[in-house]
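Asker: I am attaching a structure below and will ask some questions about it afterwards.
None of the figures in this text is laboratory data; all of them are computed from the coordinates on show. Since this is a predicted model, take the numbers as computed values, not measurements. In this analysis, Cβ positions are derived from the backbone assuming ideal geometry, glycine residues included, and neighbour counts consider all displayed protein chains.
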Amino acid sequence: MVSVPGTWHDSLMLVGRGHIPAYPLLAFEQCRVEVSARNRGKEHPVQLEPHKRNWEDLAEVDPLWAILSNSQRQHGGWDLDEFFAAGEREVAGVMDTLQRLQLRIGDKTLLDFGCGVGRLTRAFASRFQTCYGVDISERMIEGAERLNKDYTNCQFHLNTVDSLRLFPDDSFDMIYTNLVLQHVPDRAIIKSYLREFVRTLNAGGVAVFQLPSYISLRRQLQPRRRMYTLLRSVGLPHTLLYNKLGLNPIKMNFIPAQEVISTVQSAGGQVNCVDTKQTPQYQSSTYFVTRPAATS
Ligand SMILES: C[S@@+](CC[C@H](N)C(=O)[O-])C[C@H]1O[C@@H](n2cnc3c(N)ncnc32)[C@H](O)[C@@H]1O
């Protein structure tokens with residue numbers, strides 16, 4: 001890995017030979033992806049069942065705070081315009097980074113994995129012809145559809161499995177996910193999503209995903225989450241646990257960067273750059289992954 005000189009991001013690292021190849025814009029014949037109707041079932045792995053229920057709970061009691069957990073915005077404190085403006089800023093920053101990395105991509109299809117109520121999906125809508133948001137929570141998907149009626153090129157789909165089998169290979173010019181993989185409880189499932197990102201990416205497309213690479217033992221303890229899980233399992237209502245007892249079920253997970261990189265590489269992806277932000281308790285990395293065209 002090589003540090004990128006310059007002031008725009010000190011922690012940005014290039015992976016590989018020390019430079020980023022510029023990918024040519026590919027010619028696409030169609031921009032819409034066939035979403036498979038067969039796979040809308042609920043055959044999610046057992047590990048995802050409690051996880052899905054937690055997100056349904058959160059989507060009912062305080063969806064915007066569950067998405068952007070600013071302590072001053074808890075219990076319905078988010079202003080909707082401000083909430084969506086934060087998504088606009090985030091997406092503008094990501095597109096700017098792609099430019100700086102000279103990662104040129106097509107503008108036909110985007111996937112926002114773990115879209116919540118579409119905060120980021122709608123911000124991509126002016127940049128891609130069709131934007132797909134998927135989420136594990138029906139309530140989040142309902143919220144996304146309700147709040148983004150004007151964004152006619154955004155589609156939202158429920159995805160409760162550990163894959164992206166809704167979508168065929170080579171579906172997306174860009175895949176983006178932020179603040180999602182860190183909450184998935186099982187590392188094997190996170191890795192399955194990473195492999196799916198590579199599979200569904202077009203040759204020359206870019207997947208940008210955030211995932212912590214380290215969380216201190218102290219921060220992993222999460223007593224409020226453990227208490228929530230215990231009390232919920234004995235039948236206490238989520239509204240009481242969240243509103244009255246101040247507990248929540250949000251889990252934090254991480255995978256060391258080297259393990260992420262080898263998972264991506266073994267799936268056929270290329271990690272071009274890792275952008276890492278660090279505090280003593282926590283290290284979060286954003287990976288910029290491309291899928292080179294297959295060579296015969
Ligand atoms: C913290 S929110 C972030 C939402 C969105 N990425 C944003 O930044 O606005 C996490 C979202 O990921 C969804 N999620 C969690 N696990 C998921 C999974 N395995 N597959 C799809 N969505 C998932 C949750 O339902 C929730 O909407």
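Asker: Hey, any hits in region 196-208 for a residue that's on the phi > 0 side of the Ramachandran plot and either assigned to a helix (DSSP H, G or I) or touching a Phe, Trp or Tyr at 6+ places or on another chain (Cβ under 8 Å) (or both)? Steps first, please.
Answerer: First, the residues of region 196-208 that are on the phi > 0 side of the Ramachandran plot: 204.
If we keep only those that are either assigned to a helix (DSSP H, G or I) or touching a Phe, Trp or Tyr at 6+ places or on another chain (Cβ under 8 Å) (or both) as well, we get 204.
Yes, region 196-208 has at least one match.
Asker: If you don't mind, another one. State yes or no: is I175 within 16 Å of the ligand (Cβ to nearest atom), touching a Leu at 6+ places or on another chain (Cβ under 7 Å), in a helix (DSSP H, G or I) and not hydroxyl-bearing (S, T, Y)? So that I can check it myself, show each step before the final result.
Answerer: On the way: within 16 Å of the ligand (Cβ to nearest atom): yes; touching a Leu at 6+ places or on another chain (Cβ under 7 Å): yes; in a helix (DSSP H, G or I): no; not hydroxyl-bearing (S, T, Y): yes.
The answer is no for I175.
Asker: Continuing with this model, one more query. Looking at L98, L103, can you tell me which residue is in a helix (DSSP H, G or I) and away from the ligand (no atom under 14 Å from the Cβ)?
Answerer: Details: L103 fails: in a helix (DSSP H, G or I).
None of the other options fit; the residue is L98.
Asker: Can I ask one more? In region 225-271, how many residues are outside any loop (DSSP other than H, G, I, E, B), buried (at least 18 other Cβ atoms within 10 Å of the Cβ) and of a type in the set (G, A, S)?
Answerer: Final tally of qualifying residues: 1.
Asker: With (1) more than 10 Å from the ligand (Cβ to nearest atom); (2) assigned to a loop (DSSP other than H, G, I, E, B); (3) farther than 20 Å from T290 by Cα; (4) not acidic (D, E) as the list, and A188 as the residue in question, which single condition is left unmet?
Answerer: Among (1) more than 10 Å from the ligand (Cβ to nearest atom); (2) assigned to a loop (DSSP other than H, G, I, E, B); (3) farther than 20 Å from T290 by Cα; (4) not acidic (D, E), the lone unmet condition for A188 is (2).
Asker: Search region 138-156 for residues being out of contact with any strand residue (DSSP E or B) (no Cβ under 8 Å at 6 or more places or on another chain) and assigned to a helix (DSSP H, G or I), and hand back the single one that is surrounded by the fewest Cβ atoms within 10 Å (Cβ to Cβ). Please lay out each step first, then the result.
Answerer: We begin by selecting, within region 138-156, every residue out of contact with any strand residue (DSSP E or B) (no Cβ under 8 Å at 6 or more places or on another chain); these are 139-140, 142-143, 146-147, 149-150, 152.
Still in the running and assigned to a helix (DSSP H, G or I): 139-140, 142-143, 146-147.
Working: R139: 16, M140: 26, E142: 16, G143: 21, R146: 11, L147: 17.
So the residue we want is R146.
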